[in-house]
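Working notes, structure below.
Every read-out reported here was derived from the displayed coordinates using simple, explicitly stated rules and does not represent laboratory data. Treat the numbers as computed from the prediction; the structure is a model and nothing was measured. Positions of Cβ are backbone-derived with ideal geometry, glycine not excepted, and every protein chain shown enters the neighbour counts.
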Amino acid sequence: MIVPNHVLEMLQRVRELYFRQGREERMLPSDAALSRFRGAQSASAESIRGLWEALRGQGHAPSESEAVLADPETLATAECYSTNIENMIGTVKLPVGVVGPLRVRGLHADGDFHLPLATTEAALVASYARGAWAATRAGGISTAVLYEGVLRTPAFVFESLLDAGRFVEWAVSHVERLKAAAEATTSHGKLVSLEPVIDNNVVFLLCRYTTGEAAGQNMVTIATEALGKAAVAECPTKPLRWYVEGNFSGDKKATSLGTITGRGRKVSASVILPPEVVRSVLRTDIDAMLDYGRVAGLGALLSGQFGAQAHYANALAAFYIATGQDAACVAESAVGFTRMERREGGIFCSVTMPNILVGTVGGGTRLPSQRAALNLVGLEGPGSAAALAEVTAALCLCGEISIVAAMAAGHFASAHDKLARKR
């Protein structure tokens, strides 16, 4: 049969649903009257109560939902969320577990860390804690920030390829003027690289910034807007139109560019686990881990992964949410390469992650719970963001160690059954 059975079965299910009574009409556009929902740009107890009243007026406000989301503590501290959200109606509580002690011996991070993870996935914290204990028993994880720079890529559209070339010639000749325009918007950001890319009549400028102790997403956006405005105002060759981001930078996306050049901080972390630690902590052996690693590497290759790794996103999402990072950056941060090799002292395990976007100031890091979680990590002041990036990579390595060991030993399903179903 040319059309696979599963496709025919899916079409049959859709057809049955569509022709049920009223389904055809229900899927047509509707001009039924409705009242517009008025939001609130800043947050206060009064604005939260007002939004719940508006929701009740539209029939979408169960009293039990309001009581949980807009609890007394949230109402009392509502103003502190004003710079982080619009239309605020409350807060969501997530369980936070702790992993540690995790010993990190890095260029920036040095110490025994306890790391908070906000998650609803049972077995996750236990798995990372096991990996952390194995790495710490082995003397700790070595880490290094290898490269730094947050990309923003404005795009300029011209009438012709010739005009695009003239613009690029002007831009590279006036790069110091563009750098000054960008850096005038921030006391912390620095434009460290500007690379033009031409696609016929469209020019992308790959603008890479260092951002101090902040993750820097908003910082580089504002700086790049100033850079673009200066270029358009001063260059004799005018674009037809331009955009502050041309979707080239890899912002919150997994890309080949990010895999190669990195966005944020590129970090590598490694540890050698002795055979005794593999046996006593991970309950498996080195040969079994390497055997599974070869199969997992083949699976990554055949499925077309960006990089080759098991589950960076689990640690990143939980750690980012707990510490006030931009959780959407997990999409690009969860790109990288896990390696495991036999060495003289045991099994060498490493991760290299080119797109770790974290900060210790700005964004969600100033909120009460997130600031408390960051305080638990114990990183602040100059160099703290680089140290946090190294700790993040070390945490991801712990997860790779633990999951590979669980798969190799056949414990993966039973662990989830025990911790997720039978507690």
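In region 328-372, how many residues are touching a strand residue (DSSP E or B) at 6+ places or on another chain (Cβ under 6 Å) and in a helix (DSSP H, G or I)?
Taking region 328-372 as the starting set, the residues that turn out to be touching a strand residue (DSSP E or B) at 6+ places or on another chain (Cβ under 6 Å) are 332-333, 335-341, 343, 345-357, 359, 361-362.
Okay, now just the ones that are also in a helix (DSSP H, G or I), so 332-333.
Number of matching residues: 2.
Has region 195-208 got at least one residue that is among the acidic types (Asp, Glu) and under 32 Å from the mean Cα position of the chain (by Cα)? Step through it out loud before you land on a result.
So the first thing to find is which residues in region 195-208 are among the acidic types (Asp, Glu), and the list is 195, 199.
Imposing the further condition that a residue be under 32 Å from the mean Cα position of the chain (by Cα) reduces the set to 195, 199.
Looking for residues that are among the acidic types (Asp, Glu) and under 32 Å from the mean Cα position of the chain (by Cα), one finds at least one in region 195-208, hence yes.
Does THR211 satisfy being in contact with an Asp or Glu (Cβ under 9 Å, 6 or more places away or on another chain), surrounded by fewer than 21 Cβ atoms within 10 Å (Cβ to Cβ) and of a type in the set (Val, Ile, Thr)?
no
Would you mention how many residues in region 374-423 are outside any helix (DSSP H, G or I), within 16 Å of ASP112 (Cβ to Cβ) and among the small types (Gly, Ala, Ser)?
Going residue by residue through region 374-423, those that are outside any helix (DSSP H, G or I) are 378-383, 410-411, 422-423.
With the extra rule that they be within 16 Å of ASP112 (Cβ to Cβ), the set shrinks to 378-379.
Subsequent filtering for residues that are among the small types (Gly, Ala, Ser) retains 378.
Going through region 374-423 one residue at a time, the tally reaches 1.
Please specify each residue of region 149-164 satisfying the condition of being within 35 Å of the chain's Cα centre (by Cα) and surrounded by fewer than 20 Cβ atoms within 10 Å (Cβ to Cβ).
VAL157 - this is the single residue of region 149-164 that is within 35 Å of the chain's Cα centre (by Cα) and surrounded by fewer than 20 Cβ atoms within 10 Å (Cβ to Cβ).
Among the residues of region 192-199, is any of a type in the set (Val, Ile, Thr) and farther than 17 Å from SER249 by Cβ?
Within region 192-199 (the criterion being of a type in the set (Val, Ile, Thr) and farther than 17 Å from SER249 by Cβ), the answer is no, since none of the residues qualifies.
Only one of VAL271, VAL277, VAL203 is assigned to a helix (DSSP H, G or I) and out of contact with any His (no Cβ under 7 Å at 6 or more places or on another chain); which? Give the derivation first.
Working: VAL271 fails: assigned to a helix (DSSP H, G or I); VAL203 fails: assigned to a helix (DSSP H, G or I).
None of the others qualify; the one that does is VAL277.
Residue under question is GLY100, and the condition is that it be among the small types (Gly, Ala, Ser), touching a strand residue (DSSP E or B) at 6+ places or on another chain (Cβ under 6 Å) and without any contact (Cβ under 8 Å) to a residue 40 or more places away in the chain; does it hold?
yes
Residues to consider are VAL232, VAL192, VAL220; find the one that is buried (at least 20 other Cβ atoms within 10 Å of the Cβ) and either part of a strand (DSSP E or B) or β-branched (Val, Ile, Thr) (or both).
VAL220 is the lone residue from the list that is buried (at least 20 other Cβ atoms within 10 Å of the Cβ) and either part of a strand (DSSP E or B) or β-branched (Val, Ile, Thr) (or both).
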